[in-house]
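Chemist: Input: one structure, supplied below.
None of the figures in this text is laboratory data; all of them are computed from the coordinates on show. Treat the numbers as computed from the prediction; the structure is a model and nothing was measured. In this analysis, Cβ positions are derived from the backbone assuming ideal geometry, glycine residues included, and neighbour counts consider all displayed protein chains.
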Amino acid sequence: MSGKSFDREEVRARLLAVFREHAPDGAELTAKTTILGDLGLDSLGVMEVVVDVETVFALSMPEDGLVGLETIGDVEVALLSFLRARGRLR
């Protein structure tokens, strides 16, 4: 195991903070919030979120790691799985 470990609540809070940085003012952020539709992020915006997530969680996501993820909840599930597989989820 290398790097800091996180619990589920910490992952959710930090992930929402990342999305809040990229969301329009007043946007509701829930597990069902869609990244493209509700937040209106374009491909550059999505890449900025990926970079911020990698920075916040001190990890490097595989390029195909976020393919097909549509909602904040989808990203959370993928991130939890990624952290668990690396022994970084408490």
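Chemist: Taking Gly40 as meeting all but one of (1) touching a residue at least 24 places away in the same chain (Cβ under 8 Å); (2) over 12 Å from Ile72 (Cβ atoms), write down the number of the exception.
Modeler: (1)
Chemist: Further question on the same structure: If we keep just the residues of segment 44-68 that are of a type in the set (Val, Ile, Thr) and either part of a loop (DSSP other than H, G, I, E, B) or within 15 Å of Ser81 (Cβ to Cβ) (or both), which is farthest from the chain's Cα centre (by Cα)?
Modeler: Filtering segment 44-68 for residues of a type in the set (Val, Ile, Thr) gives 46, 49-51, 53, 55-56, 67.
If we keep only those that are either part of a loop (DSSP other than H, G, I, E, B) or within 15 Å of Ser81 (Cβ to Cβ) (or both) as well, we get 53, 67.
On the way: Val53: 6, Val67: 12 Å.
It comes out as Val67.
Chemist: Please go through segment 39-90 and pick out each residue that is closer than 15 Å to Leu15 by Cα and among the acidic types (Asp, Glu).
Modeler: Of everything in segment 39-90, those that are closer than 15 Å to Leu15 by Cα and among the acidic types (Asp, Glu) turn out to be Glu48, Asp52, Glu54, Glu70, Asp74, Glu76.
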